[in-house]
Structures are given as C-alpha cells and as structure tokens.
Amino acid sequence: MSQIRSVLIVGAGIAGCSTAITLANLGINVTLIEKQEEWRFQSSGIFVYSNGLAALRDVGVLEQILESGFAVKDGKNEYFDHKGEPIVDVYYPSISAGVPPIVGIKRAEMHRILAGRLQQQQVAIRLGTTLASLDPGSQTAAARAVLSDGTAGEYDLILGADGVRSQVRGFIYPGIAPRKTGFGIWRSVHDRPQDLDVKIMMMGTRKRLGIMPISHDKLYIFGTIAEPEDAWYPPEQWPELMRAKFAEFGAPVRQFLDQLSHDSEILYTAVDEVAAPLPWHKERVLLIGDSAHASTPFMGQGGAMAIEDAVVLARMLSAPGKLHDTLRQFGERRMPMCRFVQDASRQVGEAGAREHPDGAAARNQAMRENSQKHVDDFYRKLESLRG
C-alpha cells in the first residue's frame with residue numbers, strides 16, 4: 001500500500017513523466033499537467049549514462065529506449081583537440097548487467113516513449129494547464145490546487161517537476177531562484193555516417209564540442225561556450241552564430257557545422273543552475289528534478305538525476321511510514337548525490353572557462369594521464385552515494 005492515494009504532478013518533462021509512471025505503477029491516482037498545449041519537446045538529443053539507464057529500466061521503458069536510441073556498448077568516448085588531433089580515449093562504465101554504459105536518443109523520442117507508457121496506464125494528462133493557486137495543506141489536511149482552467153482539486157501530494165523556472169517552487173519557496181552560470185549550449189541534429197559509432201568530445205580553448213549518435217541514422221552535436229549573462233539570440237540567427245562560435249573546430253565535427261542552415265534542427269539555451277537547500281518539500285508539496293537541483297551539462301547527468309528521483313520517490317512512498325517523514329527523508333537521501341553531480345559538473349565547466357591557448361598542451365597531457373581515473377572515481381562516488 002502506498003502512503004498516498006492521489007497526486008498532482010506539475011510538469012511533463014523527464015522528471016514529471018518518469019514519476020507519473022512510477023507512481024501509477026503503485027496504483028496511485030495520478031494527474032499530470034503541462035503548460036504546453038501539445039506534446040512538443042526540445043527536438044535535440046540527450047545522452048544518458050548507465051546510472052540513468054538503470055533507472056529507466058526501473059521505470060519500465062529501457063527496452064524501448066534501447067530500440068529507438070543508440071547504445072555505445074563499450075562506453076567509448078574519443079577526445080580530440082579542436083583541430084581534430086587525438087588526445088585520449090576514455091571508457092564509461094556500466095553499473096548493471098544488461099545496461100549499456102551510454103545511450104544517445106532524441107529528446108522528442110524519449111518523451112514519445114514516456115508519453116506512450118502514460119497512455120497505457122491511463123494517467124490523466126491535462127495539456128495547456130498551469131497552476132493558478134496552491135495550498136500546501138498540512139500533515140492532516142490535503143493539499144489543494146486551483147488550475148488555470150478554473151478547476152480545483154485536493155491531493156495527498158503535489159509534485160513540482162516543472163523545471164528550472166518552476167512555478168511550484170515559486171509558490172512554496174519564492175526566495176529560491178535559478179543561478180546564471182555564464183554558459184550557453186548549442187545543439188543541432190544531423191544525419192549520422194554509419195562509421196561514427198562512439199561519443200566524441202573536442203576540446204577547444206574555453207569551448208567544448210561533442211558528437212553523439214542518437215539513432216541508427218541520426219546524431220547530434222552539442223557545444224558549450226561562455227556566454228554573456230542574459231544572452232539571447234533570435235532563432236533565425238542560430239545557424240550563422242553556431243558556425244561562427246565554433247569556427248576554429250576541424251574534423252570530425254567540421255562537416256556538421258558546415259551543414260548548418262535555416263532548415264537545420266538547432267537549439268540554443270542559456271545554462272542556469274538550481275541548488276535548492278533542504279527541505280525540498282513544504283507540507284504536502286515536493287520539488288523534484290530540475291526544480292530542486294538543475295545542473296550544468298558538463299557531466300551529462302541532469303536527466304539521470306531526474307529519473308532517479310522518480311524511482312527513489314516511488315520506492316519510499318511504497319514503504320510504511322508517515323508522508324511528512326518520507327518527503328523529508330527523500331530530500332536528505334537525494335541531495336548529497338545531486339549536489340555532488342552539480343559541484344563536479346560546475347568545476348569541470350569553470351576549469352574549461354579559465355583556459356588559455358598556451359595551456360592546451362599541458363591540459364591534453366593531463367587528460368592522457370588522468371581522464372580515465374577521473375571517470376572511474378566519479379562513478380565510484382556516485383555508487384557510494386546511492387547507498
């Protein structure tokens with residue numbers, strides 16, 4: 001028996017959809033609301049390392065993810081300098097039998113799979129809907145939400161899975177705001193040459209540009225770069241700007257930069273962090289995913305942390321206990337891992353942002369000597385924090 005019978009989830013991104021599935025599996029009556037008026041998600045790519053894939057297995061959609069995405073079965077990541085000269089090969093681990101070290105997939109395809117599972121479970125989904133007001137309730141009284149369409153309902157639990165600029169977080173903790181990181185990320189989708197079957201990272205000075213297969217016929221490239229605060233660029237300028245910002249990069253990414261045009265799938269976003277202090281809940285309202293712990297992209301763990309939130313929360317709610325204690329314990333359990341990921345990712349990004357062209361040779365040598373150890377240490381620490 002779950003500790004709750006009804007839940008409202010605000011936000012139908014990776015965190016919201018994954019949590020709706022895991023809670024519906026417990027027999028909980030789930031209502032999922034999403035501000036977009038149709039299923040329409042950022043159409044770039046995402047890569048998920050093995051800890052996130054293991055969580056997707058627990059959600060029940062790993063098989064479909066593997067069918068639609070692209071698995072790098074040996075976890076190989078080839079590093080080059082910006083001119084295309086090899087630096088080092090690094091191998092990411094698999095943390096569980098039957099789970100690849102890394103999978104790339106189109107974001108829209110991941111959401112299609114999650115949405116399909118929700119439809120199978122007959123979860124109530126209300127698109128084009130936001131919160132109008134929120135009463136967090138108490139230990140003895142249900143939480144109450146009034147929605148933008150004028151309807152109202154009472155729930156045993158309300159989850160804020162609505163991202164970096166969370167509306168739910170604004171209701172319960174209005175003093176917590178996203179932190180600008182000074183980075184931007186550029187992404188584009190391309191046809192995949194059949195011989196490009198590993199993850200690639202190219203190391204520029206204060207810039208990084210990666211390539212990741214996301215299906216049998218597609219890949220995406222993703223570039224991180226320091227950007228002025230509040231940098232905003234009209235979408236019609238994205239092809240020219242992306243080419244210009246990474247103009248010094250050669251093969252193997254050069255061919256994809258040269259392809260960029262107004263017909264290309266391109267996305268630019270500024271990178272913000274959210275590091276909500278504990279508690280992550282107020283009475284019967286809980287923050288999960290990016291609304292509580294949005295990270296920079298340098299460790300590739302943002303999606304994995306959101307999916308793990310869904311799995312851990314469902315397990316904790318299925319155990320005997322009082323809801324208030326469970327929500328407190330959830331934050332205490334998840335925060336150390338999420339904060340470790342945030343700190344590690346930020347340190348990698350800030351170290352890159354301080355680079356000078358004269359230091360490239362020393363950086364490359366240090367990568368040859370230490371990169372595999374850093375990867376192994378990172379995943380060993382993740383496992384220890386999982387407990």
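Run TYR91 past the list (1) over 19 Å from the mean Cα position of the chain (by Cα); (2) farther than 30 Å from ALA251 by Cβ; (3) of a type in the set (Ser, Thr, Tyr) and report the number of the one that doesn't hold.
Exception for TYR91: condition (2).
So, restricting to helices (runs of 4 or more DSSP H) that lie completely within the stretch 229-327, which ones have at least 1 residues that are open to solvent by 10 Å² or more (accessible area, probe 1.4 Å) and touching a Leu at 6+ places or on another chain (Cβ under 8 Å)?
238-245, 302-318
Residues of the stretch 48-88 being within 30 Å of PHE249 (Cβ to Cβ), in contact (Cβ under 8 Å) with a residue 24 or more places away in the chain and among the acidic types (Asp, Glu), which ones?
ASP74, GLU78, ASP81
For the stretch 1-99, list the strands (runs of 3 or more DSSP E) that sit wholly inside it and hold at least 1 residues that are of a type in the set (Gly, Ala, Ser); which are they? Please lay out each step first, then the result.
Values: elements: 6-10, 29-34, 45-49, 70-72, 76-81, 86-91.
Output list reads 6-10, 45-49, 70-72.
Does the stretch 380-387 contain at least one residue that is open to solvent by less than 70 Å² (accessible area, probe 1.4 Å), more than 20 Å from GLY289 (Cβ to Cβ) and basic (Lys, Arg)?
no
How about the stretch 133-146: which of its residues are in contact (Cβ under 8 Å) with a residue 12 or more places away in the chain and either open to solvent by less than 60 Å² (accessible area, probe 1.4 Å) or under 15 Å from LEU32 (Cβ atoms) (or both)? Outline the logic, then answer.
Of the residues in the stretch 133-146, the ones in contact (Cβ under 8 Å) with a residue 12 or more places away in the chain are 133-134, 136-139, 142-143, 145-146.
Once the filter is applied, which keeps residues that are in contact (Cβ under 8 Å) with a residue 12 or more places away in the chain and either open to solvent by less than 60 Å² (accessible area, probe 1.4 Å) or under 15 Å from LEU32 (Cβ atoms) (or both), the stretch 133-146 yields SER133, LEU134, PRO136, GLY137, SER138, ALA142, ALA143, ALA145, VAL146.
Is it true that HIS324 is over 27 Å from VAL271 (Cβ atoms) and in contact (Cβ under 8 Å) with a residue 12 or more places away in the chain?
yes
Suppose we filter the stretch 147-181 for residues that are surrounded by fewer than 18 Cβ atoms within 10 Å (Cβ to Cβ) and on the phi > 0 side of the Ramachandran plot; how many remain?
1
Can you name the residue in the stretch 138-190 that is over 13 Å from ALA292 (Cβ atoms) and of a type in the set (Val, Ile, Thr) and, of all such residues, is farthest from the chain's Cα centre (by Cα)?
Top of the filtered list is THR140.
Determine if the stretch 357-368 includes at least one residue that is more than 22 Å from GLY210 (Cβ to Cβ) and surrounded by 14 or more Cβ atoms within 10 Å (Cβ to Cβ).
Scanning the stretch 357-368 turns up no residue that is more than 22 Å from GLY210 (Cβ to Cβ) and surrounded by 14 or more Cβ atoms within 10 Å (Cβ to Cβ).
Of the conditions (1) at pLDDT 95 or above; (2) of a type in the set (A, V, I, L, M); (3) in contact with a helix residue (DSSP H, G or I) (Cβ under 9 Å, 6 or more places away or on another chain), ALA124 satisfies every one except a single condition; which number is it?
(3)
Pairs only if they're at least six apart or on different chains, beta carbon under 7 angstrom, first in the stretch 231-257 and farther than 17 Å from TYR220 by Cα, second part of a helix (DSSP H, G or I); list them, first residue then second.
The qualifying pairs are TYR233/LEU241.
For the stretch 103-121, what are the residues that are open to solvent by 20 Å² or more (accessible area, probe 1.4 Å) and in contact (Cβ under 8 Å) with a residue 60 or more places away in the chain? Please lay out each step first, then the result.
Kept after step one, since they are open to solvent by 20 Å² or more (accessible area, probe 1.4 Å), are these residues of the stretch 103-121: 106-109, 112, 116-117, 119-121.
Within the stretch 103-121, LYS106, ARG107, ALA108, GLU109, ARG112, ARG117, GLN121 qualify.
The values are calculated or read from the model by the stated rules, or taken from the named source; none is laboratory data. Keep in mind it's a predicted model, so treat the numbers as computed, not measured. Please note: Cβ atoms are built from the backbone with ideal geometry, for glycine as well, and neighbour counts cover all protein chains shown. Calculation scope for accessible area: heavy atoms of the full protein, side chains included, ligands and nucleic acids excluded. Shrake-Rupley method; radii C 1.70, N 1.55, O 1.52, S 1.80 Å.
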